[in-house]
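The values are calculated or read from the model by the stated rules, or taken from the named source; none is laboratory data. In this text, all values refer to a predicted model and were calculated from it rather than measured experimentally. Using ideal geometry, Cβ is built from the backbone for each residue, glycine included, and neighbour counts are taken over all protein chains shown. For accessibility, only protein heavy atoms count, side chains too; no ligands or nucleic acids. Shrake-Rupley method; radii C 1.70, N 1.55, O 1.52, S 1.80 Å.
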Protein chains: 2
Amino acid sequence: MELKARAPGKIILAGEHAVVHGSTAVAASVNLYTYVTLRFPTSDENDDSLKIQLKDMDLEFSWPIGRLEEGLPGFTSPVSSTPKSCLPESLKLIAALVEEKNIPEAKIGLAAGISAFLWLYVCIHGYKSATVIVTSELPLGSGLGSSAAICVALSATFLALSNSVNLDLSHQGWLSFSESELELVNKWAFEGEKIIHGKPSGIDNTVSTYGNMIKFRLGELTRLESTVPLKMLITNTKVGRNTKALVAGVAERTNRHPDAMASVFTAVDFISKELAELIQSPAADDLAITEKEEKLEELMEMNQGLLQSMGVSHASIETVLRTTLKYKLASKLTGAGGGGCVLTLLPTLLSHTVVDKVMAELETCGFQCLIAEIGGKGLEICFEGSS
Amino acid sequence: MELKARAPGKIILAGEHAVVHGSTAVAASVNLYTYVTLRFPTSDENDDSLKIQLKDMDLEFSWPIGRLEEGLPGFTSPVSSTPKSCLPESLKLIAALVEEKNIPEAKIGLAAGISAFLWLYVCIHGYKSATVIVTSELPLGSGLGSSAAICVALSATFLALSNSVNLDLSHQGWLSFSESELELVNKWAFEGEKIIHGKPSGIDNTVSTYGNMIKFRLGELTRLESTVPLKMLITNTKVGRNTKALVAGVAERTNRHPDAMASVFTAVDFISKELAELIQSPAADDLAITEKEEKLEELMEMNQGLLQSMGVSHASIETVLRTTLKYKLASKLTGAGGGGCVLTLLPTLLSHTVVDKVMAELETCGFQCLIAEIGGKGLEICFEGSS
């Protein structure tokens, strides 16, 4: 039995940082996916191990099933229908299993990702031999939700071949999960995210699972139905950031200038709410879409200014802004800032020539450019041979 | 009799644009001056005309006194002690006198400036022969208050040699006016500004007259006493702006997003108030000055972000920001935006090498760099030979 899941990355359309201080934020899926393939050995294969292949990094790690039983005991009757948190004692055992593999230290977050993989797999399938293959279109650690997409895709493939989920195995092509199945995948993925990030917000895995867009405020997530097909240029500045330091910096600035910053956060809150309404309102025709895009550009520009006033911009982000501004395109940083990725709305009626020129100019600066559709499908699965 | 006046330019430290929507703003003088020399012909000279020489433009215009008496009649008993508004019928007569001179059209605002000169002179001195020489360190039309500085310096020289002002003619070097004399100069300068700008705010002439800094909100001006010697790099992008269009653009954005923009303006109001307090609070030592400078930089960065969210930035401004950010220097646009000038705080402890590097890099972009001290003296006068 072999199957493949794909889970999308996410962008923050509005409200990053301010959300920590009580403002509304809006996140959306992007049609850049992480793919996970799960294969159980056939009865005539003699493979008695759990193997993970990270194709993009050209890395492979495997554990003999016996080593897993010994190193992480107690999963003889796996509990796939009830998402289970990895307690500190289990995490310690998993860390020992991961350490054996001498994971290159330069690959930041890799050990944590492998730990999440082991936890999800053993919880759902116990000590069963399998090969898991991961590939991704999402740049790692750039704020596009690559870790959540991996957790969602891993959970989905593991659950799809468990008793908790009922799928039509004869379906051709990509197949969606039911609402309740998605909920289960999302919860498991969140457990994986906790292993990777400690205290994730749950936004990344929710967007990756359900796709489309979500609005969130003070921990409450609301799914939105976008009526506008949006296309964004995502420019990865490749400048690494320290998200915790950036969040702390905004908090310190808020301590120093409480009144001014409170107004900045209020402004962001209004922008996020307006944006959420805008993307949900019906768009009758091309003209209406263009109008919506113009409003969206204005909201993005306003949000970017407010992010700059929070102090989370960076010279590399300024370079992207300056470059896209020359072509009259609106941009904003997405996620933590301080580098990372910048969004540029590509209006429906924008010529390809302009897009090519902007991308060429940005790539000359050493940035990576990705074009993505926003607010598309979430998690999907397909059975091998059918896609 | 010959004397010279110098009147400084101004910068907006915080609150431009938002001030139109009820927020506080702060302006300060810069030690870049416009100089006006006034000379009455001696009895043995046979010059029967009013002459103005614009040294920086290499232009000279003169009117025979007879032509002035005929073209702008009724000033036989000049009223220098009561500032007088130029009514539409007088303005029309002045326009005719100016038109005769075939002023180059490319020199925007020049005709209006000459009109203001004629009005101020004839009101204060009637039909008396004189030569007026104007030179300026302020780039014209770049938002640094060059027109107000001219009006202040013109009014000051004219009043200094009238009966309305009592000055010690034997004083050596630059001399200040008394409070009441400054008030008179300021009022006359405002009448000149009205001829040039239609509906000026009165901020530029007030800062140029009194120097130091002023806080203003809803038409109310408060003079501030700065305790910190501040140095700024002023980068003139040389990109011309349409101030009216920029102000209208912010108003339109406010109509489209009233709630978000109201919060943006509130944030600016808090920033201006905080800045005004900061520059007035005592600074005990170098450390305290450095701390103040850091706070000021943060407030400038916040204000700049908010200006960007109002949509009044420009690619040229972004270029300056990006360049100074590389050297960890804080910048903000000053005035209308959309080009114009950008301020960069030069902290007391910043090395000259860094300043030279930043300036060289900015000048490579085709910008003009000026270094100015902020919040210094206002209008001063000196009698020829004494300076």
Legend entry - Output for the range B:248-297, where each listed residue is in contact with a Gly (Cβ under 9 Å, 6 or more places away or on another chain), within 11 Å of chain A (Cβ to nearest Cβ), crowded, with 19+ Cβ neighbours inside 10 Å and more than 15 Å from B:Gly22 (Cα to Cα): B:Arg253, B:Leu275
Legend entry - Qualifying position, being within 20 Å of B:Cys151 (Cβ to Cβ), without any contact (Cβ under 8 Å) to a residue 40 or more places away in the chain and either polar (S, T, N, Q) or not in a loop (DSSP other than H, G, I, E, B) (or both), among B:Glu70, B:Glu60: B:Glu60
Legend entry - Scope the range A:2-21; condition over 20 Å from A:Met300 (Cα atoms), crowded, with 24+ Cβ neighbours inside 10 Å and not small (Gly, Ala, Ser); matching residues: A:Arg6, A:Pro8
Legend entry - Search result, residues across the range A:57-79 that are open to solvent by 40 Å² or more (accessible area, probe 1.4 Å) and touching a Phe, Trp or Tyr at 6+ places or on another chain (Cβ under 6 Å): A:Glu69
Inset, instruction - For B:Ala149, indicate whether it is small (Gly, Ala, Ser) and at pLDDT 95 or above. - result: yes
Inset, instruction - Go over the candidates B:Gly145, B:Gly109, B:Gly141, B:Gly126 one by one and state the one that is in contact with a Phe, Trp or Tyr (Cβ under 9 Å, 6 or more places away or on another chain) and either on the phi > 0 side of the Ramachandran plot or not assigned by TED's automatic domain parsing to the domain that holds B:Val207 (or both). - result: B:Gly126
Inset, instruction - Name, by its number, the condition in (1) open to solvent by less than 40 Å² (accessible area, probe 1.4 Å); (2) hydrophobic (A, V, I, L, M, F, W, C); (3) in a helix (DSSP H, G or I) that does not hold for A:Leu91. - result: (1)
Inset, instruction - Count, please, the residues in the range B:298-322 that happen to be among the β-branched types (Val, Ile, Thr) and at the interface with chain A (Cβ under 7 Å from one of its Cβ atoms). - result: 1
Inset, instruction - Answer yes or no as to whether B:Ser387 is buried (at least 23 other Cβ atoms within 10 Å of the Cβ), among the polar types (S, T, N, Q) and at pLDDT below 95. - result: no
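Listed here are the residues, each with its yes/no results for (1) within 30 Å of B:Glu291 (Cβ to Cβ); (2) at pLDDT 95 or above; (3) surrounded by 21 or more Cβ atoms within 10 Å (Cβ to Cβ).
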site	(1), (2), (3)
B:Ser162	no, no, no
B:Asn166	no, no, no
B:Leu175	no, no, no
B:Gly202	no, no, no
B:Val207	yes, yes, yes
B:Lys215	yes, yes, yes
B:Arg223	yes, no, no
B:Lys238	no, no, no
Legend entry - In the range A:298-307, the residues that are open to solvent by 10 Å² or more (accessible area, probe 1.4 Å) and closer than 19 Å to A:Leu362 by Cβ: A:Glu301
Inset, instruction - Give the residue, chosen from B:Lys101, B:Lys84, B:Lys51, that is open to solvent by 50 Å² or more (accessible area, probe 1.4 Å), in contact (Cβ under 8 Å) with a residue 24 or more places away in the chain, among the basic types (Lys, Arg) and touching a strand residue (DSSP E or B) at 6+ places or on another chain (Cβ under 7 Å). - result: B:Lys101
Legend entry - Scan of the range A:141-169 for residues that are in a loop (DSSP other than H, G, I, E, B) and touching a residue at least 60 places away in the same chain (Cβ under 8 Å), ordered by number: A:Gly141, A:Ser142, A:Gly143, A:Leu144, A:Gly145, A:Leu161, A:Ser162, A:Asn163, A:Ser164, A:Leu167, A:Leu169
